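Working notes, beginning with the structure itself.
The values are calculated or read from the model by the stated rules, or taken from the named source; none is laboratory data. Being a predicted model, the structure only gives us computed values, none of them experimental. Ideal geometry is used to build each Cβ from the backbone, glycine not excepted, and the neighbour counts take in all protein chains shown.
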Amino acid sequence: MKNNHRTIFTQSIADGQTLDAPTARLIQFLYSKEANTKFVDSYHPISDKKNELEIFRYIHDSMTVFGIILILEAAGRLKRYYSKEFYRDLSKRAPVTFRSLKKAHIEKHMWSVFRRNWF
């Protein structure tokens, strides 16, 4: 919001709504996406179709987990924008406490790795 970026989340806050619904939809979206049955790696072609699918599922599952962790980290930092019930339910389902996620700064570390390796 401080950077004037308009997203479903910032619009919900601007409209005086909680972030419960958009957060729930985003989590549901991440969990509902099926792993594609085809993975093409032009640098390292894999002829074994079983390995191809296993690699794609590994990548898909890893991205899903990282996405959920980032959502949980953000929710832990933005408690005031959630209903008490939703926040409590979300924190119960988190694999680690919100307090631990706040200290971990996962998003900051991920961006640091990304910048160091791609820019």
Q: List the number of the failed condition for ILE27; all other conditions in (1) modelled with pLDDT under 80; (2) within 18 Å of GLU85 (Cα to Cα) hold.
A: (1)
Q.
Can you find, within segment 88-119, the residue that is modelled with the highest pLDDT among those that are hydroxyl-bearing (Ser, Thr, Tyr) and over 19 Å from MET63 (Cβ atoms)?
A. SER91
Q: Starting from residues that are part of a helix (DSSP H, G or I) and hydroxyl-bearing (Ser, Thr, Tyr), keep the ones in segment 53-103 and report whichever is farthest from ILE27 (Cα to Cα).
A: SER100
